[in-house]
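What follows is a short report on a single structure.
The values are calculated or read from the model by the stated rules, or taken from the named source; none is laboratory data. This one's a predicted model, so the numbers in the text were calculated from it and none came from an experiment. A quick note on method: Cβ atoms are made from the backbone with ideal geometry, for glycine too, and the neighbour counts reach across all protein chains shown.
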Amino acid sequence: MATPFNSEKIISHKINEVELSTFLVGFDINDKGIKEYRIKSLIEKLTDVIHEFAFGYHEGTETPNTEILSKLSEAAKSIYKIDSFQKIKDLCDINSSIDDDVNDKYLRRGEFGELILHLLLRDFHKTTPLLSKIYFKDSFGHTVHGFDAVHIQEETKTLWLGESKLYLDGKRGIKALIKDIDEHFKSDYLNSEFLIISKKIKHFDNIPEKDYWIDLMSKSTKLIDQLDTINIPLLCTFNSNLFSDYDDETSAEFIDAYINQMRELKEYFDNNHNHPLKTKLNIILILFPVQNKVDLVKGLHKKLSLLQALSE
């Protein structure tokens, strides 16, 4: 069955469990017959997501061929209207070396984690975006909501509230995600965010069963009932030495090392996640190791800058 972006040809879904979902991008040979990590293919695929990520599913998914380039250019421009994205672009332009200790909250956070999360949820977890934070910031001037992804799953009637981190070190990224959980999954914070989201989606008539989602996010709905219908995907995209130690993701040695690394990070999350409502939170830890986070971020900014320039 076809997925919205057909990313399964590039991204492999290796572990698919209730509480753990892991992915990877492997290798291919170049024109010289040398095996290379498929970072260019990953960047191209993420570029395919830009339009929907920026404008939202509610804006429609069908774009005439004659308008594709202009729409992509418009999407790139809208993304850079968000201060955090523009800030990263500026820092990437002047920094050849970027690490997790850099004294800048935007680079530590890694905004493109949101784009990766959007793609993984759409293609591998069969969700539909409820809204686009980029679109609402650009179009209505509203404050951007706190969650990195607000998706729905129509069949299961679940609301997906996602957080994402893009770090060099996986454990540090997970630690940052745990902090997000501690801060965001409190009744006052949820009520505040749900009020913002509900007001925004009232603008659109093509959201499936819109009244159901508005009612779910209503302040009068009990917190325990809300949490029962919410999934919390936590994406950590991080550097992994697997892609320098090996050059064949299908080898038994790579697979064993990969599984061990993923299980170790899941154990680290379980041992350090101590939210008071821990047993009530339906958390899915999503792990996406890459060869080089900095190359990925810079490559995406280069691609977006080229798209942005198309209409200038």
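Remarks
- Check on LYS165, modelled with pLDDT of 90 or more, surrounded by 19 or more Cβ atoms within 10 Å (Cβ to Cβ) and charged (D, E, K, R): yes
- Within the range 16-37, tally of residues that are closer than 14 Å to PHE254 by Cβ and assigned to a strand (DSSP E or B): 6
- Yes/no for TYR246 being of a type in the set (Phe, Trp, Tyr) and surrounded by fewer than 21 Cβ atoms within 10 Å (Cβ to Cβ): yes
- When PHE254, PHE238 are screened for being closer than 24 Å to SER7 by Cβ, over 21 Å from the mean Cα position of the chain (by Cα) and in contact (Cβ under 8 Å) with a residue 12 or more places away in the chain, only PHE254 passes.
- Residue check, PHE243 in contact with a Pro (Cβ under 7 Å, 6 or more places away or on another chain), under 30 Å from ILE29 (Cβ atoms) and either aliphatic (A, V, I, L, M) or at pLDDT 95 or above (or both): no
- Selection within the range 107-122 - at pLDDT 65 or above and farther than 18 Å from LEU285 by Cβ: GLU111, PHE112, LEU115, ARG122
- Complete set of residues in the range 17-26 that are in contact with a helix residue (DSSP H, G or I) (Cβ under 8 Å, 6 or more places away or on another chain) and either surrounded by 12 or more Cβ atoms within 10 Å (Cβ to Cβ) or closer than 14 Å to SER240 by Cα (or both): LEU20, SER21, THR22, PHE23, LEU24, VAL25
- Among residues of the range 202-216 that are surrounded by 15 or more Cβ atoms within 10 Å (Cβ to Cβ), those with a beta-carbon under 9 Å from a residue that is of a type in the set (Asp, Glu) at least six positions away or on a different chain give the pairs LEU216/ASP225.
- The range 266-307, residues that are in a loop (DSSP other than H, G, I, E, B) and over 22 Å from ALA149 (Cα atoms): ASN274, PRO276, GLN291, ASN292
- Hey, TYR57 modelled with pLDDT of 95 or more, under 25 Å from GLY113 (Cα atoms), surrounded by 17 or more Cβ atoms within 10 Å (Cβ to Cβ) and not aliphatic (A, V, I, L, M) or not: no
- Filter pass, LYS302 being within 22 Å of LYS45 (Cβ to Cβ), surrounded by fewer than 18 Cβ atoms within 10 Å (Cβ to Cβ) and of a type in the set (Lys, Arg): yes
- Test: LYS171 is closer than 26 Å to THR279 by Cβ, in contact (Cβ under 8 Å) with a residue 60 or more places away in the chain and in contact with a helix residue (DSSP H, G or I) (Cβ under 8 Å, 6 or more places away or on another chain): yes
- Long-range neighbours under 6 Å by Cβ, at least six apart or interchain, first residue farther than 14 Å from LYS179 by Cα within the range 274-295, second at pLDDT below 95 and not charged (D, E, K, R): VAL290/LEU296; LYS293/LEU166; LYS293/LEU168; VAL294/ILE98
- The range 217-235 - residue that is in contact (Cβ under 8 Å) with a residue 60 or more places away in the chain and of a type in the set (Val, Ile, Thr) and, of those, nearest to VAL290 (Cα to Cα): ILE232
- Members of the range 1-60 found to be of a type in the set (Lys, Arg) and free of Cβ contacts under 8 Å to residues at least 12 places away in the same chain, listed by number: LYS9, LYS32
- Restricting the range 246-260 to residues that are in a helix (DSSP H, G or I) and out of contact with any helix residue (DSSP H, G or I) (no Cβ under 7 Å at 6 or more places or on another chain), the residue that is farthest from ASP28 (Cα to Cα) is ASN260.
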